[in-house]
1. Using a 1.4 Å probe and ignoring any ligands, DNA or RNA, find the accessible area of residue 211 and quote it in Å² to the nearest 10.
2. Ignoring everything but the protein chains, give the 1.4 Å probe accessible area of residue 92 in square angstrom, nearest 10.
3. Go ahead and run the numbers for FRET between residue 106 and residue 416, Cβ-Cβ distance against an R0 of 25 Å, rounding to 0.05.
4. Compare 249, 82 by solvent-accessible area with a 1.4 Å probe and give them largest first, with all protein chains kept in place.
5. Which value in nm describes the separation of the simple spin-label points at residue 90 and residue 513, placed 7 Å from the Cα toward the beta carbon?
6. By accessible area of protein heavy atoms, probe 1.4 Å, what ranking do 137, 184 get, highest first?
7. If amide H atoms are built 1.01 Å from N in the plane of the peptide, which residues on other chains or at least 5 residues away come under 5 Å of the amide H of residue 84?
8. Give me the one-decimal nm value for the distance between modelled label points at residue 253 and residue 82, 7 Å along each residue's Cα-to-Cβ direction.
Amino acid sequence: MSISDSEETSIGLEMKISERKLSKRVTEDVMKKTMESDPIQKSISGFGKWQFMVFVTVCLLKFPVAWHQMSIIFLSPKIDYSCIEPEGFNGTLDKCDARCNGHEFDRSVFTETISTQWNLICSQNQLGDTSQMIFMFGILIGNVLFGSLADKFGRRGPLVIAVLIQLVTGVATAFAPWFWLFCFLRFLTALATGGTMLTSFVLIMEIIGVKWRELLSVIYQIPFNLGHLTLPVFAYFIRDWRYLQLALSIPSVLLISYYWLIPESPRWLITMGRLDEATKILTKAAEMNKMPTDGISKNIDSLAKPKDSEAHVKKGNMMDLVRTPNMRIKTFVMCFDWFVCGIAFFGVAQYVGQLSGNIFINVAISAAITLPGTVLGIYCTKAWGRRYTLIAANTLAGASMLAIAFVPKTYSTTIVTLASSAMIGMSISFPTSYLYAGEIYPTVVRNIGMGTSSMIARVGSMIAPFVVGADKAAPWLPPVIFGIVPIIGALLTFLLPETKGAPLPETIEDGENFGKKIPVDTKGDVEAAGQ
């Protein structure tokens, strides 16, 4: 008895629908079991008033992160200048001619920039870009340094120290009398900024439930987008770089309150065997969330490993990221995905930022483009999971940039549209990579893992300006590079396991085993769900 094409199609659709229902039921069962077995969620729920207050408070630091990271656009904008010719000279000198008695700057838009302050023109024109490279290098070092400190000494202490350094050095930068002192202070500011970025995200991931990770991890990036969007507003009303730097740094005074407002991560405390401190924090959180507090100590004692357990007290290091085969593959792929974010996000942003017209409007448009992508990422990570969202986002960015290589330069509208599409792709990819890394690395090396990944991203962002500048050799080269790199990242991401709905790995052993095979109890869930 043969089956017609229509019947075969109908059967195929029914099978797909059944598979989706089964997958959804299994995911819900796994998430339910995760909540029941996780002492954090079991004691204080996945997300309540306590988590909300901590989340909103920590989100505020993303504004200065964006301001400091993107401020070079207005601290060192492109400035027109002309040669002051020697008295009695007949003719016209090139504006960089050695015979010029000085230079006259166009101050119609900006009254003072670091370029006009220290004559970063002609042979010293590249020093403005050098200062930004130094800043990005500072973020790189800060990610690694504070990531290591946070894994050894907790999340709260290093975060508060980073905030203090960011405030002091940010304000001091506004009074720098020499260019290289300006660069050094900016480096220290970046060091602290890298620390706040990483440590705060890990803290958030460790206090919220698995059900809320995809939503809040993406929402957490929106304040950065808003900070980027408000930057041209500051610059529009403050046209002197010193006053602008001061205005962007002083708000960090409010973040000193983190010393009193931000708790230590109870998950880290449990991992380190400091159960009494974790119990105290969870009790306070449970009271605020209107949850029972009687069983908190029992939950932690029964689920936490003995304090003298080697696996429990052992503090991870960078070598643990590559010591075992499965962790080595995940670390390599995750680092490459972050490299994609660094090189493509900042590279594509320069493409969008090169639009002719008003600099304040151009930067605002460039920042506004990232908002839809970030919001879309909330739905994608929840509906598709982390792996397929990252694959799709990288593919969108890569394909869009590759298409630019085949579009004539005269089709400027098409190029801008494709670059904007790539920017949306990267604005999905970046927060997804944050979420993915926060879930795939074990607790004992989570900060080190994310710090290493972020370090690789900064390497990409330091390379990006040179890739953009390669258009002088071949106009098609930058879009090809910015296209191929995300495509490679998308292909490598197939090697990573899906983390949606899965419990956070705690030890190195958990991290190595995660993704190798379906656990026995999950197989049972699958069989039960299919009956």
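The values are calculated or read from the model by the stated rules, or taken from the named source; none is laboratory data. Predicted model only: the values in this text are computed from it and were never measured. Every residue, glycine as well, gets a Cβ built from its backbone with ideal geometry; the counts of neighbours run over all protein chains shown. SASA here: full protein model, heavy atoms, side chains in, ligands and nucleic acids out. Shrake-Rupley method; radii C 1.70, N 1.55, O 1.52, S 1.80 Å.
1. 120 Å²
2. For residue 92, the solvent-accessible surface is approximately 130 Å².
3. According to the calculation, E is roughly 0.45.
4. Values: 249 0, 82 55 Å².
The ranking, largest first, comes out as 82, 249.
5. About 9.1 nm, to one decimal.
6. Greatest to least solvent exposure: 184, 137.
7. It is 101, 102, 103, 104, by chain and number.
8. Label-label distance for residue 253 and residue 82, simple model: 4.3 nm.
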